Amino acid sequence: MESLTLNHFLTLSAILFSLGVFGVMTRRNAVVVLMGIELMLNSANINLIAFSRFNGNLDGQMLAIFVIVLAAAEAAVALAIILNMYSNLKTVNLDEVDQLKE
């Protein structure tokens, strides 16, 4: 049985990142765009942890924990903005939101 190499992790990360970019670029729903951004952050975490494992140090794993905390804070703020947008404009479609309101 073949063991996992760095190339396996990098390929998985590239696929996840590509799916995230595709979701951000093609979708107009704010929640789906937020999920695409989360996919991109998770693919960066896979890269950080894979390089950390194959280099034999813990620097990448500590940075991955920081990215997870950053992603949680970003999701909380983004969801608050989306809820506020829905309560004011009755839509989460990003094409229909073209101006800032007070």
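Read-outs throughout are calculated quantities, based only on the coordinates presented, and are distinct from any laboratory measurement. Everything quoted here is computed from the prediction, not taken from an experiment. Every residue, glycine as well, gets a Cβ built from its backbone with ideal geometry; the counts of neighbours run over all protein chains shown.
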The residues 74, 96, 38, 2, sorted from fewest to most surrounding Cβ atoms within 10 Å, come out as 2, 96, 74, 38
How large is the direction-averaged shadow of the alpha-carbon convex hull of the stretch 6-89, in nm²? 5.5
